Amino acid sequence: MVDQDSAGSSAPGPLAGVTVVTLEQAISAPMCTRTLADFGARVIKVENPKGGDFARHYDDVVKGQAAHFVWANRGKESVTLDLKSESGIDLLHRLLDEADALVSNLTPGATARMGLSGDELAQRHPHLVAVEIDGYGAGGPLSHKRAYDLLVQAESGVCAVTGFPGEPAKPGPPVADVSTGLYAALSIIALLYSRDARTANGQHTPTVSVSLFDTAAEVMGYQLNYTRHSGIDQQPLGMSSPAVAPYGSYRTGDGHTVVLGTTNDREWQRLAREIVQRPDLADDERFATNTGRVQNRDVLEEAIGAWCGQHDLAEIQKIADEAGIGNARYNLPSEVIAHPQLSERDRWREIDTPGGPIPALLPPPIISGFDPPMGSIPGLGEHTDTVLAEIGVDRAELAALRAQGAVGQAYEG
(Lines give C-alpha, C1' and ligand atoms only; values in the text may rest on other atoms or scores of the structure.)
Protein backbone atom coordinates (compact mmCIF):
# COMPACT_ATOMS: atom_id res chain seq x y z
CA MET A 1 0.00 0.00 0.00
CA VAL A 2 1.02 3.63 -0.49
CA ASP A 3 2.35 5.13 2.74
CA GLN A 4 0.19 8.09 3.69
CA ASP A 5 2.62 10.63 5.16
CA SER A 6 0.88 13.96 4.99
CA ALA A 7 2.21 15.28 8.25
CA GLY A 8 5.51 16.69 6.98
CA SER A 9 7.63 15.00 9.65
CA SER A 10 11.28 16.00 9.70
CA ALA A 11 12.30 12.37 9.15
CA PRO A 12 10.44 9.12 8.49
CA GLY A 13 9.07 7.62 11.67
CA PRO A 14 10.46 4.39 13.13
CA LEU A 15 7.39 2.54 11.80
CA ALA A 16 7.26 4.23 8.39
CA GLY A 17 6.16 1.70 5.79
CA VAL A 18 4.20 -0.39 8.32
CA THR A 19 0.46 -0.72 7.64
CA VAL A 20 -1.93 -1.64 10.44
CA VAL A 21 -5.57 -2.61 9.91
CA THR A 22 -7.74 -2.31 12.98
CA LEU A 23 -11.19 -3.49 14.03
CA GLU A 24 -11.56 -1.43 17.15
CA GLN A 25 -13.94 0.21 19.54
CA ALA A 26 -13.70 2.39 22.65
CA ILE A 27 -10.19 2.93 24.10
CA SER A 28 -7.84 -0.07 24.43
CA ALA A 29 -7.29 -0.98 20.76
CA PRO A 30 -7.57 2.65 19.57
CA MET A 31 -4.80 3.61 22.01
CA CYS A 32 -2.68 0.75 20.68
CA THR A 33 -3.07 1.85 17.08
CA ARG A 34 -2.77 5.56 17.83
CA THR A 35 0.56 4.78 19.48
CA LEU A 36 1.68 2.98 16.33
CA ALA A 37 0.49 5.92 14.21
CA ASP A 38 2.47 8.29 16.42
CA PHE A 39 5.58 6.28 15.49
CA GLY A 40 4.81 6.68 11.78
CA ALA A 41 2.72 3.60 10.96
CA ARG A 42 -0.21 3.85 8.61
CA VAL A 43 -3.42 2.86 10.44
CA ILE A 44 -6.56 1.89 8.55
CA LYS A 45 -9.56 1.84 10.88
CA VAL A 46 -12.32 -0.42 9.56
CA GLU A 47 -15.68 0.73 10.92
CA ASN A 48 -19.30 -0.35 10.70
CA PRO A 49 -21.13 1.91 8.22
CA LYS A 50 -23.93 2.26 10.79
CA GLY A 51 -22.28 4.65 13.22
CA GLY A 52 -18.73 3.30 13.32
CA ASP A 53 -16.72 3.12 16.54
CA PHE A 54 -19.28 3.70 19.31
CA ALA A 55 -16.81 6.00 21.07
CA ARG A 56 -17.61 8.53 18.35
CA HIS A 57 -20.91 9.10 20.12
CA TYR A 58 -19.99 9.28 23.82
CA ASP A 59 -20.44 13.07 23.80
CA ASP A 60 -20.09 16.03 21.44
CA VAL A 61 -17.99 18.49 23.43
CA VAL A 62 -15.07 18.75 20.96
CA LYS A 63 -16.61 20.80 18.18
CA GLY A 64 -19.41 18.26 17.86
CA GLN A 65 -17.15 15.24 18.40
CA ALA A 66 -16.53 12.97 21.38
CA ALA A 67 -13.60 13.79 23.66
CA HIS A 68 -12.57 10.13 23.97
CA PHE A 69 -12.64 9.63 20.20
CA VAL A 70 -10.48 12.59 19.25
CA TRP A 71 -7.99 11.62 21.98
CA ALA A 72 -7.51 8.05 20.76
CA ASN A 73 -7.90 8.25 16.97
CA ARG A 74 -5.67 10.86 15.42
CA GLY A 75 -3.62 9.95 12.38
CA LYS A 76 -5.89 7.15 11.17
CA GLU A 77 -7.84 6.50 7.97
CA SER A 78 -11.47 5.40 8.28
CA VAL A 79 -12.92 2.78 5.92
CA THR A 80 -16.55 1.65 6.32
CA LEU A 81 -17.23 -2.04 5.61
CA ASP A 82 -20.11 -4.29 6.61
CA LEU A 83 -18.20 -7.24 8.02
CA LYS A 84 -21.40 -9.26 8.34
CA SER A 85 -21.49 -9.48 4.57
CA GLU A 86 -19.40 -11.85 2.46
CA SER A 87 -18.22 -9.00 0.26
CA GLY A 88 -17.19 -6.93 3.28
CA ILE A 89 -15.12 -9.81 4.68
CA ASP A 90 -13.52 -10.32 1.27
CA LEU A 91 -12.50 -6.67 1.15
CA LEU A 92 -11.05 -6.96 4.64
CA HIS A 93 -8.90 -9.90 3.56
CA ARG A 94 -7.72 -7.93 0.55
CA LEU A 95 -6.64 -5.19 2.93
CA LEU A 96 -4.89 -7.75 5.14
CA ASP A 97 -3.00 -9.12 2.13
CA GLU A 98 -1.16 -5.80 2.03
CA ALA A 99 -1.01 -5.10 5.76
CA ASP A 100 1.60 -5.86 8.39
CA ALA A 101 -0.62 -6.07 11.45
CA LEU A 102 -4.23 -6.55 12.49
CA VAL A 103 -5.55 -5.24 15.80
CA SER A 104 -8.99 -6.02 17.19
CA ASN A 105 -10.96 -5.64 20.41
CA LEU A 106 -14.44 -6.79 19.44
CA THR A 107 -16.88 -8.70 21.65
CA PRO A 108 -15.88 -12.24 22.74
CA GLY A 109 -15.91 -14.64 19.79
CA ALA A 110 -16.58 -11.97 17.15
CA THR A 111 -13.32 -12.39 15.22
CA ALA A 112 -13.67 -16.18 15.18
CA ARG A 113 -17.20 -15.87 13.79
CA MET A 114 -15.77 -13.72 10.98
CA GLY A 115 -13.16 -16.35 10.11
CA LEU A 116 -10.38 -14.31 11.71
CA SER A 117 -9.21 -16.74 14.39
CA GLY A 118 -5.50 -17.05 14.99
CA ASP A 119 -5.23 -20.32 13.04
CA GLU A 120 -7.23 -18.98 10.09
CA LEU A 121 -5.14 -15.81 9.90
CA ALA A 122 -1.92 -17.82 10.13
CA GLN A 123 -3.00 -19.90 7.16
CA ARG A 124 -4.26 -17.08 4.96
CA HIS A 125 -1.92 -14.26 6.05
CA PRO A 126 1.24 -15.91 7.45
CA HIS A 127 3.13 -12.60 7.38
CA LEU A 128 0.54 -10.80 9.50
CA VAL A 129 1.05 -9.81 13.13
CA ALA A 130 -2.43 -10.32 14.61
CA VAL A 131 -3.19 -8.92 18.06
CA GLU A 132 -6.53 -9.43 19.75
CA ILE A 133 -7.41 -7.46 22.88
CA ASP A 134 -10.07 -9.07 25.02
CA GLY A 135 -11.49 -8.70 28.50
CA TYR A 136 -10.43 -11.69 30.58
CA GLY A 137 -8.32 -13.96 28.37
CA ALA A 138 -9.28 -17.39 27.08
CA GLY A 139 -9.93 -20.48 29.18
CA GLY A 140 -11.34 -19.00 32.39
CA PRO A 141 -14.78 -18.72 33.99
CA LEU A 142 -15.07 -15.05 32.97
CA SER A 143 -13.77 -15.43 29.41
CA HIS A 144 -17.24 -15.07 27.90
CA LYS A 145 -18.05 -11.78 29.61
CA ARG A 146 -17.97 -8.30 28.18
CA ALA A 147 -15.30 -6.20 29.81
CA TYR A 148 -15.07 -2.43 30.15
CA ASP A 149 -12.42 -0.45 31.99
CA LEU A 150 -14.48 0.04 35.16
CA LEU A 151 -15.57 -3.61 35.27
CA VAL A 152 -12.01 -4.86 34.91
CA GLN A 153 -10.66 -2.39 37.48
CA ALA A 154 -13.27 -3.64 39.94
CA GLU A 155 -12.62 -7.32 39.18
CA SER A 156 -8.83 -6.98 39.41
CA GLY A 157 -8.80 -5.10 42.72
CA VAL A 158 -7.71 -1.73 41.36
CA CYS A 159 -10.79 -0.01 42.78
CA ALA A 160 -10.16 -1.61 46.19
CA VAL A 161 -6.82 0.17 46.52
CA THR A 162 -8.14 3.52 45.28
CA GLY A 163 -10.18 6.02 47.26
CA PHE A 164 -10.63 5.75 51.04
CA PRO A 165 -11.48 2.90 53.44
CA GLY A 166 -15.07 1.93 52.82
CA GLU A 167 -15.23 4.31 49.85
CA PRO A 168 -13.57 2.55 46.90
CA ALA A 169 -13.11 4.51 43.70
CA LYS A 170 -12.20 4.00 40.08
CA PRO A 171 -9.05 5.88 39.06
CA GLY A 172 -10.13 8.72 36.77
CA PRO A 173 -8.11 7.77 33.68
CA PRO A 174 -8.98 4.41 32.05
CA VAL A 175 -5.78 2.78 33.24
CA ALA A 176 -6.77 -0.79 32.28
CA ASP A 177 -7.64 0.28 28.73
CA VAL A 178 -4.57 2.43 28.20
CA SER A 179 -2.10 -0.02 29.76
CA THR A 180 -3.53 -2.87 27.68
CA GLY A 181 -3.27 -0.80 24.53
CA LEU A 182 0.38 -0.03 25.24
CA TYR A 183 1.19 -3.71 25.89
CA ALA A 184 -0.52 -4.58 22.60
CA ALA A 185 1.50 -1.95 20.71
CA LEU A 186 4.71 -3.21 22.31
CA SER A 187 3.84 -6.77 21.23
CA ILE A 188 3.35 -5.67 17.64
CA ILE A 189 6.64 -3.81 17.53
CA ALA A 190 8.48 -6.80 19.06
CA LEU A 191 7.01 -9.25 16.54
CA LEU A 192 7.64 -6.96 13.59
CA TYR A 193 11.26 -6.71 14.72
CA SER A 194 11.73 -10.47 14.45
CA ARG A 195 9.32 -11.21 11.60
CA ASP A 196 11.87 -11.40 8.77
CA ALA A 197 13.89 -14.07 10.56
CA ARG A 198 10.81 -16.25 11.07
CA THR A 199 9.63 -15.76 7.50
CA ALA A 200 13.04 -16.78 6.19
CA ASN A 201 12.69 -20.05 8.11
CA GLY A 202 9.22 -20.69 6.71
CA GLN A 203 7.44 -19.87 9.96
CA HIS A 204 4.26 -17.83 10.20
CA THR A 205 4.06 -14.88 12.56
CA PRO A 206 2.60 -15.76 15.99
CA THR A 207 -0.72 -14.27 17.01
CA VAL A 208 -1.00 -12.33 20.25
CA SER A 209 -3.80 -11.93 22.75
CA VAL A 210 -3.70 -9.31 25.50
CA SER A 211 -6.48 -9.11 28.08
CA LEU A 212 -7.54 -6.13 30.16
CA PHE A 213 -7.78 -8.33 33.25
CA ASP A 214 -4.25 -9.71 32.92
CA THR A 215 -2.91 -6.20 32.37
CA ALA A 216 -4.77 -4.79 35.37
CA ALA A 217 -3.51 -7.68 37.51
CA GLU A 218 0.03 -6.83 36.37
CA VAL A 219 -0.49 -3.17 37.31
CA MET A 220 -1.57 -4.46 40.75
CA GLY A 221 1.79 -6.21 41.17
CA TYR A 222 2.86 -4.45 44.37
CA GLN A 223 -0.48 -4.86 46.12
CA LEU A 224 -0.79 -8.54 45.16
CA ASN A 225 2.72 -9.29 46.37
CA TYR A 226 2.12 -7.47 49.63
CA THR A 227 -1.16 -9.24 50.35
CA ARG A 228 0.06 -12.69 49.34
CA HIS A 229 3.02 -12.50 51.72
CA SER A 230 1.45 -10.54 54.57
CA GLY A 231 -2.14 -11.77 54.50
CA ILE A 232 -3.26 -8.12 54.74
CA ASP A 233 -5.54 -6.30 52.29
CA GLN A 234 -4.13 -2.79 52.43
CA GLN A 235 -6.69 -0.02 52.76
CA PRO A 236 -6.70 2.86 50.26
CA LEU A 237 -5.48 6.19 51.60
CA GLY A 238 -6.72 8.72 49.07
CA MET A 239 -3.73 10.73 47.90
CA SER A 240 -1.36 8.90 50.22
CA SER A 241 0.29 5.49 49.93
CA PRO A 242 0.01 2.51 52.28
CA ALA A 243 3.57 1.57 51.31
CA VAL A 244 5.47 4.75 52.17
CA ALA A 245 5.28 7.48 54.82
CA PRO A 246 5.27 10.40 54.89
CA TYR A 247 3.86 10.57 51.38
CA GLY A 248 0.69 12.54 50.79
CA SER A 249 -1.22 15.78 50.33
CA TYR A 250 -1.59 18.68 52.74
CA ARG A 251 -3.60 21.89 52.75
CA THR A 252 -1.53 25.06 52.65
CA GLY A 253 -2.05 28.35 54.41
CA ASP A 254 -3.22 30.02 51.19
CA GLY A 255 -5.85 27.41 50.36
CA HIS A 256 -3.93 25.20 47.92
CA THR A 257 -2.90 21.56 48.26
CA VAL A 258 0.75 20.54 48.26
CA VAL A 259 1.97 16.99 47.83
CA LEU A 260 5.14 15.96 49.66
CA GLY A 261 6.89 12.64 49.36
CA THR A 262 9.81 10.78 50.90
CA THR A 263 11.13 7.46 49.61
CA ASN A 264 13.99 6.66 51.98
CA ASP A 265 15.32 7.33 55.48
CA ARG A 266 17.67 10.13 54.37
CA GLU A 267 14.82 12.08 52.80
CA TRP A 268 12.75 11.62 55.94
CA GLN A 269 15.55 13.09 58.04
CA ARG A 270 15.75 16.15 55.77
CA LEU A 271 11.98 16.64 55.78
CA ALA A 272 11.83 16.44 59.57
CA ARG A 273 14.86 18.65 60.29
CA GLU A 274 14.97 21.12 57.40
CA ILE A 275 11.30 21.54 56.46
CA VAL A 276 8.99 21.01 59.42
CA GLN A 277 11.85 21.70 61.85
CA ARG A 278 11.01 18.83 64.18
CA PRO A 279 14.32 17.28 65.27
CA ASP A 280 12.37 15.43 67.95
CA LEU A 281 10.60 13.46 65.22
CA ALA A 282 13.85 12.91 63.36
CA ASP A 283 15.41 11.44 66.51
CA ASP A 284 12.38 9.35 67.49
CA GLU A 285 13.13 5.64 67.02
CA ARG A 286 9.52 5.02 65.99
CA PHE A 287 10.25 6.84 62.74
CA ALA A 288 13.76 5.58 62.05
CA THR A 289 12.62 3.25 59.25
CA ASN A 290 9.85 3.37 56.66
CA THR A 291 8.13 0.42 58.34
CA GLY A 292 7.91 2.39 61.58
CA ARG A 293 6.78 5.53 59.81
CA VAL A 294 4.01 3.63 58.05
CA GLN A 295 2.86 2.14 61.37
CA ASN A 296 2.82 5.57 63.00
CA ARG A 297 1.79 7.66 60.02
CA ASP A 298 -0.97 9.49 61.92
CA VAL A 299 1.58 11.30 64.11
CA LEU A 300 3.57 12.38 61.05
CA GLU A 301 0.48 13.43 59.08
CA GLU A 302 -0.62 15.67 61.94
CA ALA A 303 2.79 17.31 62.30
CA ILE A 304 3.36 17.89 58.59
CA GLY A 305 -0.22 19.03 58.05
CA ALA A 306 0.07 21.58 60.86
CA TRP A 307 3.29 22.99 59.41
CA CYS A 308 1.91 23.21 55.85
CA GLY A 309 -1.20 24.97 57.15
CA GLN A 310 1.01 27.79 58.41
CA HIS A 311 2.80 28.39 55.10
CA ASP A 312 1.85 29.35 51.56
CA LEU A 313 2.24 26.91 48.68
CA ALA A 314 5.08 28.80 46.99
CA GLU A 315 7.06 28.98 50.23
CA ILE A 316 6.56 25.28 50.96
CA GLN A 317 7.72 24.26 47.49
CA LYS A 318 10.75 26.55 47.66
CA ILE A 319 11.82 25.10 51.03
CA ALA A 320 11.18 21.54 49.83
CA ASP A 321 13.20 22.09 46.63
CA GLU A 322 16.11 23.49 48.63
CA ALA A 323 15.96 20.46 50.95
CA GLY A 324 15.82 18.04 48.03
CA ILE A 325 12.37 16.74 48.90
CA GLY A 326 9.93 15.75 46.16
CA ASN A 327 6.90 18.00 45.98
CA ALA A 328 4.07 18.95 43.66
CA ARG A 329 0.99 21.10 43.45
CA TYR A 330 -2.42 19.43 43.24
CA ASN A 331 -3.95 20.67 39.97
CA LEU A 332 -7.36 20.47 38.34
CA PRO A 333 -7.58 19.48 34.65
CA SER A 334 -8.29 23.12 33.78
CA GLU A 335 -4.99 24.06 35.43
CA VAL A 336 -3.06 21.31 33.64
CA ILE A 337 -4.25 22.67 30.28
CA ALA A 338 -2.44 25.92 31.08
CA HIS A 339 0.50 24.24 32.82
CA PRO A 340 3.79 26.03 32.08
CA GLN A 341 5.64 22.71 31.98
CA LEU A 342 3.63 21.94 28.84
CA SER A 343 3.50 25.39 27.26
CA GLU A 344 7.14 26.33 27.81
CA ARG A 345 8.27 23.00 26.36
CA ASP A 346 6.01 23.45 23.33
CA ARG A 347 4.06 20.24 23.99
CA TRP A 348 0.85 21.33 22.26
CA ARG A 349 0.13 20.97 18.55
CA GLU A 350 -2.89 21.70 16.37
CA ILE A 351 -4.56 18.79 14.61
CA ASP A 352 -7.40 18.72 12.10
CA THR A 353 -10.79 17.17 12.79
CA PRO A 354 -14.05 17.09 10.82
CA GLY A 355 -15.29 19.78 13.20
CA GLY A 356 -12.26 22.03 12.80
CA PRO A 357 -8.74 22.28 14.25
CA ILE A 358 -8.15 21.47 17.92
CA PRO A 359 -5.10 21.40 20.22
CA ALA A 360 -3.58 18.02 21.09
CA LEU A 361 -0.63 16.95 23.19
CA LEU A 362 2.43 15.46 21.56
CA PRO A 363 2.99 11.79 22.41
CA PRO A 364 5.35 11.27 25.37
CA PRO A 365 8.41 9.83 23.55
CA ILE A 366 10.78 12.50 22.24
CA ILE A 367 12.87 11.08 19.39
CA SER A 368 15.69 13.21 18.04
CA GLY A 369 15.19 14.16 14.40
CA PHE A 370 11.59 12.96 14.29
CA ASP A 371 8.44 15.03 14.67
CA PRO A 372 5.37 12.84 15.38
CA PRO A 373 2.88 13.01 12.50
CA MET A 374 -0.04 14.30 14.63
CA GLY A 375 -2.44 13.38 11.82
CA SER A 376 -6.09 14.28 11.48
CA ILE A 377 -9.10 12.74 13.20
CA PRO A 378 -10.94 10.77 10.50
CA GLY A 379 -14.56 11.28 9.64
CA LEU A 380 -16.59 8.08 9.46
CA GLY A 381 -15.69 6.42 6.16
CA GLU A 382 -13.62 9.40 5.00
CA HIS A 383 -10.94 7.27 3.34
CA THR A 384 -13.05 4.38 2.03
CA ASP A 385 -12.81 5.24 -1.65
CA THR A 386 -9.06 5.96 -1.73
CA VAL A 387 -8.08 2.93 0.36
CA LEU A 388 -10.23 0.51 -1.62
CA ALA A 389 -8.89 1.94 -4.87
CA GLU A 390 -5.40 0.97 -3.70
CA ILE A 391 -6.42 -2.70 -3.49
CA GLY A 392 -7.92 -2.66 -6.98
CA VAL A 393 -11.57 -1.72 -6.38
CA ASP A 394 -12.59 0.37 -9.39
CA ARG A 395 -15.54 2.75 -9.52
CA ALA A 396 -17.93 0.20 -10.97
CA GLU A 397 -17.12 -2.39 -8.33
CA LEU A 398 -17.33 0.24 -5.61
CA ALA A 399 -20.77 1.32 -6.78
CA ALA A 400 -21.93 -2.31 -6.78
CA LEU A 401 -20.54 -2.88 -3.31
CA ARG A 402 -22.34 0.22 -2.07
CA ALA A 403 -25.57 -0.97 -3.60
CA GLN A 404 -25.15 -4.26 -1.71
CA GLY A 405 -24.46 -2.42 1.55
CA ALA A 406 -21.03 -4.05 1.89
CA VAL A 407 -19.38 -0.60 1.81
CA GLY A 408 -20.59 2.53 3.56
CA GLN A 409 -21.96 5.50 1.69
CA ALA A 410 -19.63 8.03 0.09
CA TYR A 411 -18.13 10.39 2.66
CA GLU A 412 -19.55 13.87 2.77
CA GLY A 413 -17.30 15.98 4.99
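Take the solvent-accessible surface of the protein heavy atoms, probe 1.4 Å, and return the percent of it on the range 1-103 that carbon and sulfur atoms account for. For the range 1-103, the apolar C and S fraction of the accessible surface comes to 50 percent.
The value for the range 71-211 of Rg(Cα) / (2.2 N^0.38 Å) is 1.22. Ignoring aspartates and glutamates fewer than eight residues from LYS63 along the same chain, the ones with Cα atoms less than 16 angstrom from its Cα are GLU350, ASP352.
Counting only alpha carbon atoms, the long axis of helix 297-308 and the longest principal axis of the chain meet at about 90°. Each residue was assigned an accessible area with a 1.4 Å probe, and for SER334 the value is about 80 Å².
Residue order by solvent-accessible surface for ASP119, ASP100 is ASP119, ASP100, largest first, with ligands and nucleic acids left out and a 1.4 Å probe. Between the listed residues THR80, ALA138, VAL21, the Cα displaced farthest toward the positive end of the dipole of the range 1-157, a dipole computed from Cβ unit charges relative to the Cα centre, is found at THR80. The largest accessible area among VAL158, VAL219 belongs to the first residue in VAL219, VAL158, and the rest follow in falling order (1.4 Å probe, all chains). Once the Cα-Cα distance is subtracted from the 0.36 nm per residue extended length, the LEU150 to VAL61 segment shows a gain of 29.8 nm. Just checking the listed ones, TYR136, TYR148, TYR58: in the Gaussian network model of the chain with Cα springs under 10 Å, the one fluctuating most is TYR58. Against the chain, whose longest principal axis comes from its Cα atoms, helix 28-38 is set at around 80 degrees. Stretched out straight at 0.36 nm per residue, the stretch from SER85 to MET239 would grow longer than its current Cα-Cα span by 50.3 nm. Which label belongs to the value computed from this structure, given these candidates for Rg/Rh (Cα atoms, Kirkwood Rh): (i) 1.05; (ii) 0.96; (iii) 0.99? The value computed from this structure is option (i). Largest GNM mean-square fluctuation across ILE275, ILE351, ILE377, computed for the chain with C-alpha springs under 10 Å, falls on ILE275. Remark: the chain carries 50 Å² of accessible area per residue (probe radius 1.4 Å; ligands, DNA and RNA excluded).
Ligands, DNA and RNA left out, the accessible area of the range 278-386 computed with a 1.4 Å probe is 53% carbon and sulfur. For the residue pairs LYS84/LYS170; LYS50/LYS145; LYS76/LYS145; LYS45/LYS145; LYS50/LYS76; LYS170/LYS318, the alpha carbons lie more than 27 Å apart in LYS84/LYS170; LYS76/LYS145; LYS170/LYS318.
Residues GLU390, GLU86, ordered by accessible area of protein heavy atoms at a 1.4 angstrom probe radius and largest first, appear as GLU86, GLU390.
The values are calculated or read from the model by the stated rules, or taken from the named source; none is laboratory data. What you see is a predicted model, and the numbers here were worked out from it, not measured in a lab. Virtual Cβ from ideal backbone geometry, glycine too; neighbours counted across all protein chains shown. Side chains included, ligands, DNA and RNA excluded: accessible areas come from the protein's heavy atoms. Shrake-Rupley method; radii C 1.70, N 1.55, O 1.52, S 1.80 Å.
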